[in-house]
Amino acid sequence: MMMIFGIPLQAFLGQLLIGLINGSFYALLSLGLAVIFGLLRVINFAHGAQYMLGAFVALLLLTKGGASYWVALVASPIIVGLVSAAIERTMLSRLYKLDHLYGLLFTFGLALTIEGTFRYFFGASGQPYPAPSQLQGAVNLGFMVLPIYRGWVVVLSMLACLATWLLIEKTKLGSYLRAATENPVLVQSFGINVPLLLTLTYALGAALAAFAGVLAAPIYQVSPLMGTNIIIVVFAVVVVGGMGSIMGAIVTGYMLGIAEGLTKVFYPEASNIVIFVIMAIVLILRPAGLFGKDV
Amino acid sequence: EPSDGKVKIGILNDQSGVYADFGGKFSYEAAKMAVEDYGGKVLGVPVEVVTADHQNKPDIASNIARQWYDTEQVDTIMELTTSSVGLAVQALSNEKKKITINTGAASTDLTGKQCTPYGFHWVYDTHALAVGTGGAIVEQGGDSWFFLTADYAFGYSLEENTANFVKEKGGKVLGAVRHPLATTDYSSFLLQAQSSGAKVIGLANAGMDTQNAIKQAAEFGIVQGGQRLAALLFTLAEVHGLGLEAAQGLTLTEAFYWNRDDESRAFGKRFFERTGAMPNMVHAGTYSAVTSYLKAVEAAGTDETEAVSAKLHELPINDVFAKGGKVAANGRMIHDVYLMEVKKPGESDVAWDYYNVLSTIPGDVAFMDPAKSGCPLVK
Amino acid sequence: MSHHAPAVSDANTVSAHPQASLLRYGLLAILLALLLAAPFLVYPIFVMKLLCFALFASAFNLLLGYTGLLSFGHAAFFGGAAYFTAHAVKEWGVPPEIGILIGMAGAAVLGLLMGLIALRRQGIYFTMITLALAQMFYFFCLQASFTHGEDGIQSVPRGHLFGFIDLSVTTNMYYFVLAAFLIAMAVIWRFINSPFGMILKSIRENENRAISLGYSVVHYKLGAFVMSAALAGLAGGIKALVFQFATLTDVTWQMSGEVVLMTLLGGIGTIIGPIFGAGLVVALQNFLATSDFPVTVITGVVFMVCVLLFRRGLVGEFYGSRIGRKLGFDHRV
Amino acid sequence: MAPLLNVAGLQAWYGESHVLHGVDLYVNEGEMICILGRNGMGKTTTLRTIMGILRKRSGEITFAGQDMMSVPLHKSARAGLGFVPEERGIFATLSVEENLMLPPVVAKGGMSLEEIYELFPNLEERRNSPGTKLSGGEQQMLAMARILRTGARCLLLDEPTEGLAPVIIQRIGEVLVKLKERGMTVVLVEQNFRFASKIADRFYLMDHGQMVAEFPVGLLPERMDMLNKVLGV
Amino acid sequence: MHQQDEPRVVLSARGLGKDFFGFTAVNNVDLDVHHARIHALIGPNGAGKTTVFNLLTKFLQPTRGKITLLGTDITNTKPDKIARMGMVRSFQISAVFPHLTVLENVRVALQRPNELAIQFWLPLSSLDRLNGRAEVLIDELGLTPYRDTRAADLSYGRKRVLEIATTLALDPEVLLLDEPMAGMGQEDVRMVADIIREVARHRAVLMVEHNLSVVADICHHVTVLQRGEIIAEGDYATVSQDPRVRTAYMGTED
Ligand SMILES: Nc1ncnc2c1ncn2[C@@H]1O[C@H](COP(=O)(O)OP(=O)(O)OP(=O)(O)O)[C@@H](O)[C@H]1O
Ligand SMILES: Nc1ncnc2c1ncn2[C@@H]1O[C@H](COP(=O)(O)OP(=O)(O)OP(=O)(O)O)[C@@H](O)[C@H]1O
Ligand SMILES: CC(C)C[C@H](N)C(=O)O
Ligand SMILES: [Mg+2]
Ligand SMILES: [Mg+2]
């Protein structure tokens, strides 16, 4: 058997692939966070809750309405996006004119509330959500058995990341949004309906989280705690990537997913901490993060 | 006669976390049911049950316990799922001279190094699980093991107990990997277990963690690949949560099964009417613990700790949960436990009928010899 | 948090009303009397818990309210110190006062390390970095053997203060905690109402200008950060002795969030605000712990309502209200 | 003919503090007026209130026959008002060219990109640099250029020459004159009296939130004494 | 009449240069700033004047060149250290402490040279001994009516005046003023000009200013920058006749 760094090659490749799969979730989630942060300057602490909501909506659509995975994949982000838009409109939007920290505090409270409520009604344990029949089964790659569904996750997340990136960086919309972040009143005086724009952005970010949630449901089960468990790691990803950098969020998401996967092979005890260690090192060397601009 | 005109029992456990299904609110129901069945009164004073969620945090648990004792005249605390909580509350209660009956935690330390004169361990422990599940699987030829262990005291203790047992029986342990509590993604751990080539992958974790690990093992074709999973701590509640499709064929150890005999079925049915779920060993064990406590109070003629404790040690336990159970000097309640196999979906015709009972493990085999437990109270 | 943070309120402005300072001293005296009598009126452990959190929130407020730095990682200092104190007292057998000093020193060192990294960025970036670093510390605590992982350090002996005051007697413990609390509050008060505090305030307002006036901004911020960490450590160390426990709960990010809530609820940048905020949150948790309703939902809602409607917090809103202003409190926002 | 912009009894507040105490002014189509006044008298506030940025206000504002008091801010620009703020408002996260292209074109007749670059060659040279990395004066040019693109028919300019080199001021003066010839209406707030005196048609003098004098350019020599007293010119 | 000190070089730069991602903002600038002299730095917008300020005060690190302040090489010194050595700047875009009152703004500056900065054990009232000096400055700059007004509530022009007061409070050896009069009314321009002239009797002043009448009026020496390079130097009369300066900067009228 071929060995690499003292472990069998096949195990190494397997872990690499697993890392990529986890990285897909990091990338999608940190992308949504970066969109919201980059444009609204709000650290969306509720992102984990929105991710969880995405999964729950899919589950409820299935159990209560019999809607399939494919329906949920489209409907759940839309529903969560609408709900988030309503929250933005009625509450969050009042905070933009204040210091950015109030946005963070508000969404922190929001996250606690949503998660607490779901925990109250659904308990803490995970509820199974089946992968769609078209994507069930596994392929044997030789070095590992890859569940088809996980392969699908990688592909779909990459597509979603690409589409979002194009939308924000390559259209005029992006420059409106960035300008509105800095001086909403002025942009509005140019004749642009800024409040609407910001609402849409927040909804987009939340919808991305919900989309990740639906993708995650068949893999991780649907549980009220699923967001809490992942959100802090995703924060670290965003910091490493350079906060607000869309590209940074995407690339770093995949990279850190892989780094974490490999740590699980070489030194499993550190797998929890590795992302934070990388973060500390990056911050010492490049305070603005890998892709961040010095602000 | 009871000191303050009433007897108050506290049920303290996880009601919202990873182990909420394991005991949770239904344990409180079980306790209330026991009190009602007892007539609601002991020695002529009313019996009250209070409950709280400790969120698996020993500090929260001790604070609640302390407050219960100091300001709310609680006489005894039971359930105490999670070993860290169990040990903490047991130590505090000892300081406050109060009785605890643990029906939810696993660690043998409760009646070992850290035993106390007023602490009782009622339902199961890691030793019983190792003997039951570990023993059965080695006997069936599963003689090389790889452990997937929850990264904290309970996981270590379960892994260690099982590993010892496997080795004793001539099996070998190829390795172990530790995962943090409440992990959602086991893929990379499972991959490691897979490439170890072990015949059995021992899941030394509990609750949602075990459910997730089992589900994901199926996805990665671990069982088709010829390896076998051993869920070392798994109860009816988790089987139900996972669904028979995914759980079928698992071997596990429980101290109670509702579909065991008529008495247990009747009990199960009444419990189901209150909760919508059939009881697992923790629920039935809590029922038993409350009943036994009340009997001991009755027998002692007081709720004074020393006297009740003596009666608890003295009286045999004969109820729906345990037949001929007895409490050893270290506080361990010794009773029979059962080795089960989870049915295939087709085999189960009644709702919640999930097990085939493979064998009964007698109490003195399942539980550690008190003399060897390391408990200083045993001379 | 630049210019929207409420400015220091009870500092340095001469009150319009002569009776204002009288009133303030009167209130202080009543508060003090209540605290002295508290163990005979209420459950002493509860009051001690409240004092620990009040101190923690005040330490945190020193940073947020007066330096404009929002740290989302203060649990590391609070919980870290609890571990250090508990370990020193239980494993090394040091007397409680030394144990607490060890906890404080440990928190200060942690604060220094964390500050050196996090203070390289500003605003919300700083916040995120403190959060992530604290999370790193959390995982460290989860893995390190001396913390005993999920079990925590249990049954920590309270010991004898100065060798002869038996702290296992609840009343003794209470007055010890009260004394520590009062001393710490006095230190905080002096700190913010000092020339140093004035510089901190101006840095918060316009950092570049402060640099151009010749202030080495990073050192000032670091000074405040370490001070705040050490005081948070004091609170954590005391808590470990009161509850005879040190566990992971105190190093989680939720704990960091909780202290923000307390401060926000009471009033950022007011001296007594965090004390009230802590009191309210602790009481609420106490009340809800035994009820059916999940604490987090209430906490979350309180958080949102506060941010949306009572940004100045209870005390801040009072100062800013008609009555408050009549009484001569000044709250410049 | 009714004036293009008419303001009557305009009052405005910053929070509790009452800043405008009944401002009256009008501007005819194609006219350029200039508001003079010492620091802190409310000139900027007047512009901000007309534009609709400061919303705690009362009184009357009509623009092109439309009542502007109830028009939301993002519709002011659509109505044809263009505002160049005193603090310039250049966006750091946008490049110079993005800054320039940011405001949507609201009507025909705005300047093209080429014309703008011809007018302000610095901007062309630095077009890919982040907006706020421009020098102070370049930022001022950008703020102005940005609005010239949109085809606004009435410009509200708050001290457009501040921080500019004399050559550029001269050039801006020429541009404004040319725009006026094309029918553009301008409300100018200026401290640079010399500059204003050369291009404005009519002057207002502002003092403590009110207009205290109004006169056409022709009467300027007669009013010099008064201006001297108030402004120290 | 005040005595004017003897001029001597206090700040000098040699071969100063700064590149931003391939764009050269400042190139090969030599500068000597003298004690008791007002030195103007003028030039078209974007010529690199503010950048030179940023380089001299080390808010930017020079790509090339050497800077000497009072005989010490400060090419690698931190900005706050430079301020403590006696060179203080003002900002082109106003820089005050918005939530502090005018008096407090000035006092913050006075605190440092008076060793009242890190004393976290002293009461706030210990700062009251700075009030006298602060009030004198406030009065000189005509801000007395606003002594207790928050800086945020001042109009733009007065904020600039306040900033100058704060800068002067440090009593620096070398004063760098970036367009101190921009946005000020005529009255204030005159007042500030007088103050600068007064201050410069015992200090060195380097200022960027587009108001040429002020430059002509008070500056002893003028350096003209264009595209990052010096194109002319000398007193105002000389410089203003230079045809290159006229086309690049002044335009056809004067
Ligand atoms: N954001 C604000 N909050 C409170 N008061 C303000 C605010 N902005 C300006 N003011 C006050 O309003 C009054 C008018 O200010 P304004 O900016 O309109 O003056 P201005 O005439 O434009 O002066 P300048 O020539 O200095 O720009 C001043 O007294 C100022 O102090
Ligand atoms: N940080 C930076 N990054 C990139 N380019 C910069 C940066 N700072 C300045 N520049 C560029 O360098 C040139 C010089 O700018 P500077 O601010 O020094 O001009 P200035 O002479 O002060 O002009 P003004 O009179 O308009 O204030 C400008 O073209 C500007 O765009
Ligand atoms: C199933 C679990 C509640 C076991 C628990 N983790 C313990 O430590 O005992
Ligand atoms: Mg103005
Ligand atoms: Mg400049």
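The values are calculated or read from the model by the stated rules, or taken from the named source; none is laboratory data. Everything numeric in this text was worked out from a predicted model, so none of it was measured. Backbone-built Cβ (ideal geometry, glycine too); neighbour counts: all protein chains shown. Surface accessibility is based on the protein's heavy atoms, side chains included, excluding ligands, DNA and RNA. Shrake-Rupley method; radii C 1.70, N 1.55, O 1.52, S 1.80 Å.
How large is log10 I(q)/I(0) at q = 0.28 Å⁻¹ when the Debye formula is applied to the Cα atoms of the stretch D:67-127, each weighted equally and without solvent?
The Debye formula, applied to the Cα set alone, gives -1.32.
Could you estimate the translational diffusion coefficient of chain B from the Stokes-Einstein equation, with Rh from the Kirkwood formula over C-alpha pairs, at 20 °C and 1.002 mPa s, in whole µm²/s?
Details: Rh = 20.6 Å.
Estimated diffusion coefficient is 104 µm²/s.
Isolated Cys in the protein assembly as shown by the 4.7 Å beta carbon test?
By the Cβ distance rule, which asks for a partner under 4.7 Å, the isolated cysteines are A:Cys161, C:Cys52, C:Cys141, C:Cys306, D:Cys34, D:Cys154, E:Cys219.
Can you list the HN-Hα couplings for the stretch D:136-150, worked out from phi with the Karplus curve (6.51, -1.76, 1.60; θ = phi - 60°), rounded to whole Hz and with x for Gly and Pro?
Karplus values, whole Hz, x for Gly and Pro: x, x, 4, 5, 5, 4, 5, 4, 6, 4, 3, 7, 4, 6, 7.
What per residue convex hull volume, in Å³, do the alpha-carbon atoms of the stretch A:200-263 yield?
Dividing the Cα hull volume of the stretch A:200-263 by its residues yields 99 Å³.
Taking the Cβ of C:Gln143 as the center, what net charge do the other residues with Cβ under 9 Å away carry, scoring Lys and Arg +1 and Asp and Glu -1?
That sum, taken over residues with Cβ under 9 Å, equals -2.
Would you calculate the convex hull of the Cα atoms in the stretch A:24-167 and tell me its volume per residue in Å³?
For the stretch A:24-167, the hull spanned by Cα atoms encloses 136 Å³ per residue.
When N is the residue count of chain A, what does its C-alpha Rg come to as a fraction of 2.2 N^0.38 Å? All intermediate terms of the calculation are to be shown ahead of the outcome.
Working: Rg = 19.3 Å, N = 295, 2.2 N^0.38 = 19.1 Å.
Compactness ratio reported: 1.01.
With all pairs of different alpha carbon atoms counted, what Kirkwood hydrodynamic radius in Å does the stretch E:1-41 show? List each step's numbers first, then the result.
Values: mean 1/r = 0.0818 Å⁻¹.
This gives a value of 12.2 Å.
Let me know the shape class of the stretch A:88-227, please: from the alpha-carbon gyration tensor, a ≥ b ≥ c as square roots of the eigenvalues, rounded when a/c is under 1.5, otherwise prolate if a/b is greater than b/c, or oblate.
Numbers: a/c = 3.58, a/b = 1.58, b/c = 2.27.
Oblate, because a/c is 1.5 or more while a/b does not exceed b/c.
Whole-Å semi-axes of the stretch D:155-233's equivalent ellipsoid, largest first, each the root of 5 times a Cα gyration tensor eigenvalue?
Taking √(5λ) for each eigenvalue gives 22, 15, 13 Å, largest first.
Compute the length gained on full extension between E:Glu135 and E:Glu229: take 0.36 nm times their separation in residues and subtract their Cα-Cα distance, giving the result in nm to one decimal.
Length difference between fully extended and current span is 29.7 nm.
For the protein assembly as shown, with only Lys/Arg (+1) and Asp/Glu (-1) charged at the beta-carbon, what is the dipole magnitude about the Cα centre, in debye rounded to 20?
The calculated dipole for the protein assembly as shown is roughly 1540 debye.
For the peptides E:185-198, C:131-144, what is the packing order when you average, over each peptide's residues, the other Cβ atoms within 10 Å and list the highest mean first?
Descending packing order for the listed peptides: C:131-144, E:185-198.
Under a crude label model (7 Å from the Cα following the beta-carbon direction), how far is E:Asp19 from A:Leu141 in nanometres?
4.4
Considering the alpha-carbon set of the stretch C:43-252 alone, what are its Rg and its Dmax in angstrom?
For the stretch C:43-252, the Cα radius of gyration and maximum Cα-Cα distance read 17.3, 55 Å.
Mind pulling the per residue volume of the convex hull built on the Cα atoms of the stretch D:5-231? Å³ is fine.
118
Using the eigenvalues of the Cα gyration tensor, what equivalent ellipsoid semi-axes result for chain E when each is taken as the square root of five times the eigenvalue, whole Å, largest first?
Sorted largest first and rounded, they come to 31, 21, 17 Å.
Place +1 on the Cβ of every Lys and Arg and -1 on the Cβ of every Asp and Glu in the stretch D:5-231, take the dipole about the Cα centre, and give the residue among D:Tyr26, D:Ile116, D:Ser76 whose Cα lies farthest towards its positive end.
Going by the Cα projections, it comes out as D:Ser76.
So what's the Cα pair-distance distribution over the protein assembly as shown, bin width 10 Å, in %?
1, 7, 14, 18, 18, 14, 10, 8, 5, 3, 1, 0
Which of A:Gly242, A:Phe108, B:Gly241 sits farthest toward the positive end of the charge dipole of the protein assembly as shown, with +1 on the Cβ of Lys and Arg and -1 on the Cβ of Asp and Glu?
With unit charges placed on the Cβ atoms, the residue in question is A:Gly242.
Along the Cα→Cβ direction, 7 angstrom out, place labels at D:Ser58 and B:Val45. What is the inter-label distance in nm?
7.1
In square angstrom, what is the accessible area per residue of the protein assembly as shown with a 1.4 angstrom probe? Please list the in-between numbers first.
Values: 51400 Å² over 1494 residues.
The answer is 34 Å² per residue.
Rounded to two decimals, what is Rg over Rh for the stretch B:1-114 when you use alpha-carbon atoms and the Kirkwood radius?
0.96
So if each residue of separation counts as 0.36 nm, and I subtract the Cα-Cα distance between C:Asn208 and C:Ile165, what length gain in nm does that give?
Result: 10.3 nm gained on full extension.
As a test of the formula, what do you get for the protein assembly as shown when each DSSP H run with n ≥ 4 contributes -39,500 (n - 2.57) and the sum is divided by the residue count, at 222 nm and rounded to the nearest 500 deg cm²/dmol?
Result for the protein assembly as shown, helices only: -16000 deg cm²/dmol.
For the stretch E:95-171, what's the radius of gyration and Dmax over Cα atoms, in angstrom?
Rg and Dmax of the stretch E:95-171, Cα atoms, are 11.8, 37 Å.
Apply 1/(1 + (r/R0)^6) to the Cβ-Cβ distance of E:Leu70 and E:Asp30, taking R0 = 30 Å, and write down the FRET efficiency to the nearest 0.05.
After rounding, the FRET efficiency stands at 0.95.
Excluding ligands and nucleic acids, what accessible area in Å² is computed for D:His21 using a 1.4 Å probe, to the nearest 10?
Taking all protein chains as shown, D:His21 has close to 80 Å².
Can you pull the percent of Cα pairs in the stretch B:59-157 with separation above 24 Å?
31
Please list, short to long, the whole-number percent of alpha-carbon pairs of the stretch B:134-186 in consecutive 10 angstrom bins beginning at zero.
Here the calculated profile for the stretch B:134-186 is 26, 49, 24, 2.
Tell me which of D:Leu142, D:Met226, D:Leu188 sits at the most positive position along the dipole axis of the stretch D:5-231, charges placed on C-beta atoms (Lys, Arg +1; Asp, Glu -1).
D:Leu142
Nearest 20 debye, what's the magnitude of the dipole of the stretch D:87-194 about its Cα centre given +1 on Lys and Arg Cβ and -1 on Asp and Glu Cβ?
It comes to approximately 260 debye.
Under a point spin-label approximation (7 Å from Cα along Cα-to-Cβ), what is the D:Asp201-A:Trp70 distance to one decimal in nm?
Simple spin-label model gives 6.7 nm for this pair.
Given a 1.4 angstrom probe, I'd like the percentage of the accessible area of the stretch D:5-231 that is carbon and sulfur, rounded to a whole number. Don't skip to the answer; put the middle values down first.
On the way: 4140 of 8300 Å².
Result for the stretch D:5-231: 50 percent of the exposed heavy-atom area is carbon or sulfur.
Given the alpha-carbon gyration tensor of the stretch D:131-187, what are the semi-axes of its equivalent ellipsoid in whole angstrom, ordered largest first, with each equal to the square root of 5 times an eigenvalue? Before the final figure, lay out each step's value.
Numbers: eigenvalues 79, 35, 15 Å².
Ellipsoid semi-axes (Å, largest first): 20, 13, 9.
Return the FRET efficiency for the residue pair D:His18, C:Tyr25: r is the Cβ-Cβ distance, R0 is 35 Å, and the value is rounded to the nearest 0.05.
About 0.45, to the nearest 0.05.
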